[in-house]
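Notes follow once the structure below has been shown.
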Amino acid sequence: MLVAACGSGRIHAPARPTPAFPRTWDEALPVAAAPALPPPAAGPTLGAQGVGGDPGDAPPSPAEAAPVAPEVIVAAPLAEPRPDEPPEEELSPVVRYLKGLAGFELSASTGLAHVSTAVNEGGRERDVASGDATSKTIRLAFWSLPERTGFVWAPSLGFVSQEIEIADFRQHLPLVPTAQASSIPTVTSDPRTGAMVDAESPNVYRLSLNTAYLGQRVGYALVSNRPDTRKVLMLQGIVNLVEYRDLRYRIGGFDSGTAAETKDRSGKWAWVQSGGAILTAALGIKKAHLALRLELKYELFRDFQYPKPVEFRGPARYNADIQAFERQQLFLDKVSYQTLELVAGASVYF
């Protein structure tokens, strides 16, 4: 009988893998389960008390000595764009700049206009009259909603038709007493109809100002995007770089648009003669590609030239040669105006 005595001790795995020990004890097991080891052959076991000892006293197998918890892998969902931030488009700077024209708008406005008229005296221009008037505007323009919050930098292209009425002065001509003079009663009437008229009533000029323009607009927009709508609040400044202007006027029975001497002389080119500032609130309906907007707009248009100088009655002055007061006869070359209007418009954008 062979008896083996041994003290307490530790069994180390070999330093390099063998068929019995494919991995070292200090290595973490992979997530996948290791291949099952074949069951141990029946027979005597070597325990702490010798051959045939209690199997529970046998040294543990490597798999039992170093259990490894399975690795849990959680798949994160792909990040989706927020509804208020549409995905950034890969556009060239030129295309991004011209995208401000990717829409077509029709708008109408009403408001107040301050009108001034200038006269050329010996090569020098001076304003001879100014006043307030009502204005009505129809506008066709290329315009598109901004897509995200930030600075707006886009061209401005469109057409404006403006109707304004201006009048010269109403002024009573004082009488100068003269010796051996008598007053002669007079009656004033319209020679075409014979109807009585007020001799001191001011002349009313009905102006039609049309301009096609190309300019630059710049500003800042606050944009709120939703799945179906887009809300915009925007402040902009606009400078019209070049315009083709057409000014026609009517006074009494005279119409410069049909009169032979003026009908072909109303069109003029103008360079950097107008601009303004606009506060816009807009609502875009994405599926319909439709935008509705309200604006508070200030605009300044300078130096619309008349087809020919327009006669304008100035204030009364005393003429010593005839010893009487008379109205000055002035000839106006240009008209300028500035407007403050409330605008309502609808546009289709792409």
Pairs only if they're at least six apart or on different chains, beta carbon under 9 angstrom, first in the stretch 319-347 and in a loop (DSSP other than H, G, I, E, B), second surrounded by fewer than 16 Cβ atoms within 10 Å (Cβ to Cβ); list them, first residue then second. Gln323/Val176; Gln323/Thr178
Regarding Leu235, is this residue within 28 Å of Lys308 (Cβ to Cβ) and of a type in the set (A, V, I, L, M)? no
Does Phe301 fit the bill of being surrounded by fewer than 18 Cβ atoms within 10 Å (Cβ to Cβ), aromatic (Phe, Trp, Tyr) and at negative phi? no
Go through the residues of the stretch 173-181 one by one and say whether even a single one is in contact with a Lys or Arg (Cβ under 9 Å, 6 or more places away or on another chain) and either assigned to a loop (DSSP other than H, G, I, E, B) or under 30 Å from Trp271 (Cα atoms) (or both). yes
Do we have any residue at all in the stretch 158-167 that's out of contact with any Leu (no Cβ under 9 Å at 6 or more places or on another chain) and in contact (Cβ under 8 Å) with a residue 24 or more places away in the chain? yes
Residue satisfying all of: in the stretch 150-194; among the small types (Gly, Ala, Ser) and within 30 Å of Ser208 (Cβ to Cβ); modelled with the lowest pLDDT among these: Ala167
Looking only at the stretch 135-179, which residues are surrounded by 12 or more Cβ atoms within 10 Å (Cβ to Cβ), over 29 Å from Leu222 (Cβ atoms) and not small (Gly, Ala, Ser)? Lys136, Gln162, Glu163, Ile164, Glu165, Ile166, Asp168, Phe169, Gln171, Leu173, Val176
State which residue is nearest to Val204 (Cα to Cα) when the search covers only the stretch 230-268 and only residues that are open to solvent by 80 Å² or more (accessible area, probe 1.4 Å) and not in a strand (DSSP E or B). Thr258
Restricting to the stretch 137-172, name every residue that is outside any strand (DSSP E or B) and acidic (Asp, Glu). Glu147, Asp168
Of the conditions (1) under 27 Å from the mean Cα position of the chain (by Cα); (2) open to solvent by 40 Å² or more (accessible area, probe 1.4 Å), the single one that Ala320 does not satisfy is (1)
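Starting from residues that are without any contact (Cβ under 8 Å) to a residue 40 or more places away in the chain and among the hydrophobic types (A, V, I, L, M, F, W, C), keep the ones in the stretch 240-251 and report whichever is nearest to Ala212 (Cα to Cα).
Val242
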Inspect the stretch 116-133 for any residue being surrounded by fewer than 18 Cβ atoms within 10 Å (Cβ to Cβ) and β-branched (Val, Ile, Thr) and give the result as yes or no. no
Answer yes if at least one residue in the stretch 281-289 is open to solvent by less than 70 Å² (accessible area, probe 1.4 Å), of a type outside the set (Gly, Ala, Ser) and under 30 Å from Ile251 (Cβ atoms), and no otherwise. no
Residue that is modelled with the highest pLDDT [pool: residues in the stretch 198-226 that are among the charged types (D, E, K, R) and open to solvent by 50 Å² or more (accessible area, probe 1.4 Å)]: Arg226
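The values are calculated or read from the model by the stated rules, or taken from the named source; none is laboratory data. None of the values given here were measured: they were computed from a predicted structure. Note: ideal-geometry Cβ built from the backbone for every residue, glycine included; neighbour counts use all protein chains shown. Side chains included, ligands, DNA and RNA excluded: accessible areas come from the protein's heavy atoms. Shrake-Rupley method; radii C 1.70, N 1.55, O 1.52, S 1.80 Å.
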